[in-house]
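Notes follow once the structure below has been shown.
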């Protein structure tokens, strides 16, 4: 008869597999946020792109790689499955602990990953 400890191990392994799958899928996201990279530290965003995005001036809003990194980091550090965190940012559009607003195109892709 299985023990409680064996169930805990199974749940832990399942959570780890799920989180690894989420991280792999997030790494595949490649959407245009309207920013054109100049180098590793700088991007250019046109005024028309900014005006189409409610005049949001935050550089992080247009930086897809940084947004992916934040979500992946949170999933890796989470004791739970990353799905709860991803659902919360899909609903709210931002990470409250980091005061980071996510780009709508990135959020759409996260939603696709969750719905697969």
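The values are calculated or read from the model by the stated rules, or taken from the named source; none is laboratory data. No experiment lies behind these values; they were computed from the predicted model shown. For neighbour counting, all protein chains shown are included, and Cβ atoms are generated from backbone atoms with ideal geometry for every residue, glycine included.
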Subset of the stretch 30-56, residues assigned to a loop (DSSP other than H, G, I, E, B) and either closer than 14 Å to residue 66 by Cβ or touching a strand residue (DSSP E or B) at 6+ places or on another chain (Cβ under 7 Å) (or both), comes to 31, 33, 34, 38, 40, 41, 42, 56
The residue from 25, 105, 91 that alone is in contact with a helix residue (DSSP H, G or I) (Cβ under 6 Å, 6 or more places away or on another chain) and either loosely packed, with under 10 Cβ neighbours inside 10 Å or modelled with pLDDT of 90 or more (or both) is 25
Residue pairs within 7 Å by beta carbon, gap of at least six or interchain, first lying in the stretch 80-109 and touching a residue at least 12 places away in the same chain (Cβ under 8 Å) and at positive phi, second buried (at least 16 other Cβ atoms within 10 Å of the Cβ) and in a helix (DSSP H, G or I), listed first then second, are 93/107
Residue pairs within 9 Å by beta carbon, gap of at least six or interchain, first lying in the stretch 35-49 and on the phi < 0 side of the Ramachandran plot and exposed (fewer than 11 other Cβ atoms within 10 Å of the Cβ), second part of a loop (DSSP other than H, G, I, E, B) and at pLDDT 75 or above, listed first then second, are 48/34
Condition set in a loop (DSSP other than H, G, I, E, B) and touching a strand residue (DSSP E or B) at 6+ places or on another chain (Cβ under 9 Å), scope the stretch 58-82, selection surrounded by the fewest Cβ atoms within 10 Å (Cβ to Cβ): answer is 58
